[in-house]
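*Asks:* Sending over a structure as structure tokens; questions will come in a sec.
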Amino acid sequence: MTAADNPKKKLAGVVDMTHGGGGRAMSDLIEKLFRRHLSNPALDQGHDAAVLDRPAGRLVLSTDAHVVSPLFFPGGDIGSLAVHGTLNDVAMAGARPLSLTASFILEEGFPLEELELIVKSMAQASREAGVPVVSGDTKVVEKGKGDGVFISTTGLGVLPEGVAISPEAARPGQVVLISGPIGDHGVAILSKRENLEFETEIRSDSAALHDLVAEMINVDPGISVLRDPTRGGLATALNEIANASRIGFVLQEESIPVSPDVQAACELLGLDPLYVANEGKLVCICAAERADELLAVMRAHPNGRGACRIGEVVDDPDCMVIMETEFGGSRVVDWLSGEQLPRIC
Amino acid sequence: MKYIREFRDGKLARKLAGAIAREADPARRYHFMEFCGGHTHAIFRYGVQDLVPDNVEYVHGPGCPVCVLPVRRLDDAIELALTENVILCTYGDMMRVPGTKQQSLIKAKAGGADIRMIYSTQDALKIARDHPERQVVFFAIGFETTTPPTAVAIKQAHAAGLRNFSVFCNHVLTPPAIAHIVNAPAQPGEDPVRIDGFLGPSHVSSVIGWAPYEPAARDFGKPVVIAGFEPLDVMQSTLMLVRQINDGRHEVENQYTRVVTREGNRKAQSLVDEVLELRETFEWRGLGSVPHSALRIRDIFAEFDAERRFAVSPKQSREVKSCECPSVLRGVKKPTDCKLFGTVCTPENPMGACMVSSEGACAAYWTYGRKREASRAVRDAVA
């Protein structure tokens, strides 16, 4: 007798093709796992679509696929990451996230016990963020056609009146702030990769940033740009903004926070922390005269304790990111070419 | 971080810069070839060129293992990777290097070849142990630094009777390359390379010691300073080279005393000697055939030699026409002298090996040094 035949029995065993087949096994999986842990009024309606009240204000919508390997890493797992990643994308527009949807692609043979851990972690991240998962979907692919679990999430948010945050809005004379030390997520993932495992205390910084963003906007609704430096790291985020805003950046290397552990791991592996991913940091570009006030608010928030000012926006038709090195020289901080580390989020 | 930051100290850098500026004779130019890609990388990443006077110029050398591997050997590796039942293990840098007709290991992988990126020869051995039904080939490249681990892996495979493991050996040697660069006649249509001294290899020298460079310094009259890879190492070595030239000396000096001795690592040397032997000649990208400049697997370990286990077919290998990698590797041209640089050849779409590796001169120019003048202008505007 399989778990599907007995709804009272705890889910055990592995994902098989029937879990995606639309029959009783699938219904059982949804009931025992997804609805049980993620329960909220909209999800509990049992529709294929969630019915939501219409909020006042402009809507913000963002979607993100998560394929991180390994699925569990120090400081998080694919479940919490799938919540944080999408919430942060919504938050970087300046919006307050309202709800999430999630779709799971499961590989045949994946242990249900591990799936439950992932869903529980997702539920906890969603509860802590105060943003419910209101609709979802599950598909199963044959063994060898996936890598355990892939999760796509979509986030819906609402934009406060008067906020006009955009990657095109950076202007010369403004300053660049970062909410804390860079590179923790990428290095934490790397430390658990097969063939590369090394002993480290580094944990992923994976966190939902919308609460921090709300407090920042409270102090300065005129913030020009917010960006979470995920894949490609700080360097890539700044190059994207430079190109979108047609400006340049000058950074001071000595002011860019990197923890000693991340620095050491990067030295050893030949990585540049500027290009290593973060999942709980944001870059903020704002008027120079608002910087101190914003930094004070950021530092008072648990997700912005290590906030500091790292550089300025300059007029530059070539849209380059230049860094004054601690050594006393200068260098171009270019786009990342190729992939420094694949499948980190 | 302890023992790292100390070698990147800005105050000390300015002191050294002051000394170099005072001692460098304004009436002459100093052309120093930094042999290793690690030096090239440090010079660009930390902006060392900004700190030395204009008449001190760094000429980028061939010490990037990915860059000097000739296209034919890469084509052979791709063929091995595509051989049925083979798993090819390679260091990550090799993946995107273009072979003939822009084929590469990464494209072969996308086409279905089983290619694994590894960080150590021990990973390759593990893959071989885990897959006894497959043939695991380690694509061995690099200078004397990466050679001992290859020798160890072959000895371990031998001891364990690991029948499905072999090595495609492409290890090359530094001293013959230095001798070749100063000694080789200029190519038709090229100016002879102008080199007044060498920043000598650092990690390589930790294995072979600094004695092997003495003949080159003595016979060709070029000072050599064994230089560490941190930016302060590069600057101190530059000052030592300036002093040698001003004094009319041409000796081997050792700046990297915290790691390198005259004799080097005897144990590593004897391990390599036990497993590998000199090739009569070996082709280098840029330098052409250089006698006694590479190693192959000794007969007693022949069963672990991929060149003997698999019959790779002779092929018409060709580099991209008008790619100047060969001249860049000899120090005759700068990356910016190449028509392809930054137009069709970028790190996203490399035409030559020097654009792929972070140690390659073209990639370093592109990533850190591109539009230096423009970046200076921006900096001045801020100041």
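*Asks:* Of the numbered conditions (1) in a helix (DSSP H, G or I); (2) closer than 23 Å to residue A:173 by Cβ, residue A:284 satisfies every one except a single condition; which is it?
*Replies:* (1)
*Asks:* Considering region B:207-248 alone, what residues qualify as being out of contact with any strand residue (DSSP E or B) (no Cβ under 9 Å at 6 or more places or on another chain) and polar (S, T, N, Q)?
*Replies:* Across region B:207-248, the qualifying residue is only B:246.
*Asks:* Still on this model: Can you confirm whether residue A:37 is surrounded by fewer than 12 Cβ atoms within 10 Å (Cβ to Cβ), closer than 22 Å to residue A:154 by Cα and not hydroxyl-bearing (Ser, Thr, Tyr)?
*Replies:* So residue A:37 fails the test.
*Asks:* If you go through region B:244-270, how many residues are small (Gly, Ala, Ser) and at negative phi?
*Replies:* 2
*Asks:* Here's a follow-up. Which count do you get for residues in region A:203-226 that are surrounded by fewer than 23 Cβ atoms within 10 Å (Cβ to Cβ) and either in a loop (DSSP other than H, G, I, E, B) or among the acidic types (Asp, Glu) (or both)?
*Replies:* Adding up the residues that qualify gives 7.
*Asks:* Here's something else I'd like to know. Quick one: is residue B:12 in a helix (DSSP H, G or I), more than 8 Å from chain A (Cβ to nearest Cβ) and more than 21 Å from residue B:198 (Cα to Cα)?
*Replies:* Answer is yes for this residue.
*Asks:* Might you check whether a residue that is more than 21 Å from the chain's Cα centre (by Cα) and farther than 21 Å from residue A:93 by Cβ occurs anywhere in region A:151-170?
*Replies:* no
*Asks:* Which of (1) at pLDDT 95 or above; (2) in contact with a Lys or Arg (Cβ under 6 Å, 6 or more places away or on another chain) does residue B:147 not meet, given it meets every other one?
*Replies:* (2)
*Asks:* Considering B:12, B:69, B:82, B:51, which residue is out of contact with any Lys or Arg (no Cβ under 7 Å at 6 or more places or on another chain), under 30 Å from residue B:313 (Cα atoms) and at pLDDT 90 or above?
*Replies:* Only one candidate passes the filter, namely B:82.
*Asks:* Could you list all residues from region A:257-297 that are more than 14 Å from chain B (Cβ to nearest Cβ) and in contact with a strand residue (DSSP E or B) (Cβ under 7 Å, 6 or more places away or on another chain)?
*Replies:* A:281, A:282, A:283, A:284, A:285, A:286, A:291, A:294, A:295
*Asks:* Further, regarding this structure: Could you say which residue among A:99, A:62, A:103 is surrounded by fewer than 24 Cβ atoms within 10 Å (Cβ to Cβ), assigned to a strand (DSSP E or B) and within 15 Å of the chain's Cα centre (by Cα)?
*Replies:* Testing whether each residue is surrounded by fewer than 24 Cβ atoms within 10 Å (Cβ to Cβ), assigned to a strand (DSSP E or B) and within 15 Å of the chain's Cα centre (by Cα) leaves just A:62.
*Asks:* Considering only residues that are surrounded by 19 or more Cβ atoms within 10 Å (Cβ to Cβ) and over 30 Å from residue A:269 (Cα atoms), look in region A:171-198 and name the one that is nearest to the chain's Cα centre (by Cα).
*Replies:* A:175
*Asks:* To continue, here is another question. Kindly state which helices (runs of 4 or more DSSP H) lie completely within region B:46-91 and contain at least 3 residues that are away from chain A (no Cβ under 14 Å).
*Replies:* Output list reads B:71-82.
*Asks:* For the subset of region B:28-45 comprising residues that are of a type in the set (A, V, I, L, M) and within 14 Å of chain A (Cβ to nearest Cβ), which member is farthest from residue B:95 (Cα to Cα)?
*Replies:* If we take residues in region B:28-45 being of a type in the set (A, V, I, L, M) and within 14 Å of chain A (Cβ to nearest Cβ), then B:43 is farthest from residue B:95 (Cα to Cα).
*Asks:* Looking at (1) closer than 25 Å to residue B:281 by Cβ; (2) crowded, with 21+ Cβ neighbours inside 10 Å; (3) touching a Lys or Arg at 6+ places or on another chain (Cβ under 7 Å), which is the only condition residue B:223 fails?
*Replies:* Unmet condition: (1).
*Asks:* Right, something else. Give just the number: which of (1) in contact (Cβ under 8 Å) with a residue 24 or more places away in the chain; (2) out of contact with any Pro (no Cβ under 8 Å at 6 or more places or on another chain); (3) surrounded by fewer than 20 Cβ atoms within 10 Å (Cβ to Cβ) does residue B:317 not satisfy?
*Replies:* (2)
*Asks:* Would you kindly identify the strands (runs of 3 or more DSSP E) lying entirely within region B:94-210 that contain at least 1 residues that are over 30 Å from residue B:252 (Cα atoms)?
*Replies:* B:114-118, B:135-142, B:165-171
*Asks:* Give the residues of region A:237-254 that are within 13 Å of chain B (Cβ to nearest Cβ) and either more than 12 Å from residue A:320 (Cβ to Cβ) or touching a Gly at 6+ places or on another chain (Cβ under 9 Å) (or both), sorted by residue number.
*Replies:* A:239, A:242, A:249, A:250, A:251, A:252, A:253, A:254, listed by residue number.
This table checks each residue for (1) outside the structural domain of residue B:235 (by TED's automatic domain parsing); (2) in contact with a helix residue (DSSP H, G or I) (Cβ under 8 Å, 6 or more places away or on another chain); (3) modelled with pLDDT of 95 or more.
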{"position": "B:57", "(1), (2), (3)": "no, no, no"}
{"position": "B:60", "(1), (2), (3)": "no, yes, no"}
{"position": "B:96", "(1), (2), (3)": "no, yes, no"}
{"position": "B:104", "(1), (2), (3)": "no, yes, no"}
{"position": "B:108", "(1), (2), (3)": "no, yes, yes"}
{"position": "B:120", "(1), (2), (3)": "no, yes, no"}
{"position": "B:127", "(1), (2), (3)": "no, no, yes"}
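For (1) outside the structural domain of residue A:37 (by TED's automatic domain parsing); (2) closer than 15 Å to residue A:97 by Cα; (3) touching a helix residue (DSSP H, G or I) at 6+ places or on another chain (Cβ under 8 Å); (4) charged (D, E, K, R), each residue gets a yes or a no:
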| site | (1), (2), (3), (4) |
| --- | --- |
| A:124 | no, no, yes, no |
| A:128 | no, yes, no, yes |
| A:131 | no, yes, yes, no |
| A:134 | no, yes, yes, no |
| A:142 | no, no, yes, yes |
| A:147 | no, no, no, yes |
| A:155 | no, yes, yes, no |
| A:164 | yes, no, no, no |
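*Asks:* In region A:319-344, what residues are acidic (Asp, Glu) and at pLDDT below 90?
*Replies:* A:326, A:334, A:339
*Asks:* While we're on this one: State yes or no: is residue B:39 under 19 Å from the mean Cα position of the chain (by Cα) and assigned to a helix (DSSP H, G or I)?
*Replies:* yes
*Asks:* Same structure, new question: Filtering region A:298-329 down to residues that are small (Gly, Ala, Ser) and in contact with a Phe, Trp or Tyr (Cβ under 9 Å, 6 or more places away or on another chain), which residue is farthest from the other protein chains (Cβ to nearest Cβ)?
*Replies:* That would be A:311.
The values are calculated or read from the model by the stated rules, or taken from the named source; none is laboratory data. This is a predicted model, so every value here is computed, not measured. Neighbour counts run over all protein chains shown; Cβ positions are idealised from the backbone, glycine included.
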